[in-house]
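Here's the structure, in C-alpha cells; my notes come after.
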Amino acid sequence: MRLRYTLGPLKSTKEIAPDFSGELPLEGDGMLNIVGQDPKSGWAFIACSYDAAALPDRQMCAEAITREGRTLISGGIVYGGQADSGGVQPVGVRAAQFLFTVSLSDVAKFIVGTRPIRTVEWTNVVLPK
C-alpha cells in the first residue's frame, strides 16, 4: 500500500488578489487560469494548470487569506490530467482547482505555490475482503 501526501509550508509562492484577471505565470511552466466564485455554493476558488513533468516531486497547492487574517487551506481540490503507466506520477499538463469555504468578497488574497510530495509505502498489507 502506498500513501502519497503533501505537508508543510508552500514554496515558490505567488500572491494573487481576489479581483485578479489576466495571466500569471507559476512554477512548473504553470499558469493561473481563473479566480472566481462558485455560483451554487458561493465559495471562492482559483484554478491553474502546469506541466507535471516539470514538478515531478512537488504538487501545486493554494491557501486563501481572509480579510480577518485567517489562513484557509483549500476545502476541495480537483486535479485533472494523466498519470504514468504505474498510475503514480502525473504526466503532461495538469489542471488544479482549489475551492475555499468563504465568499470571494471575504478573501484578502490567495497564495499559490508548491509542496513536496512525500510517499510512505507498506508491504505485505492484507486488506479485508
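The values are calculated or read from the model by the stated rules, or taken from the named source; none is laboratory data. The shown structure was predicted, so the numbers you read here are calculated from the model rather than taken from an experiment. Methodologically, a virtual Cβ is constructed for each residue, glycine included, from the backbone with ideal geometry; neighbour enumeration extends over all protein chains shown. The accessibility values were calculated without ligands, DNA or RNA, using every heavy atom of the protein model including side chains. Shrake-Rupley method; radii C 1.70, N 1.55, O 1.52, S 1.80 Å.
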Looking only at the stretch 96-129, and only at residues there that are surrounded by 15 or more Cβ atoms within 10 Å (Cβ to Cβ) and aliphatic (A, V, I, L, M), the one that is modelled with the lowest pLDDT: 117
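For every residue, the table says whether it meets (1) within 12 Å of the chain's Cα centre (by Cα); (2) modelled with pLDDT under 95; (3) within 16 Å of residue 19 (Cα to Cα).
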| position | (1), (2), (3) |
| --- | --- |
| 31 | no, yes, no |
| 65 | no, no, yes |
| 77 | yes, yes, no |
| 80 | yes, yes, no |
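Does residue 52 satisfy being open to solvent by less than 70 Å² (accessible area, probe 1.4 Å) and at pLDDT 95 or above?
no
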Complete set of residues in the stretch 14-41 that are out of contact with any Ser or Thr (no Cβ under 9 Å at 6 or more places or on another chain), open to solvent by 80 Å² or more (accessible area, probe 1.4 Å) and in a strand (DSSP E or B): 15
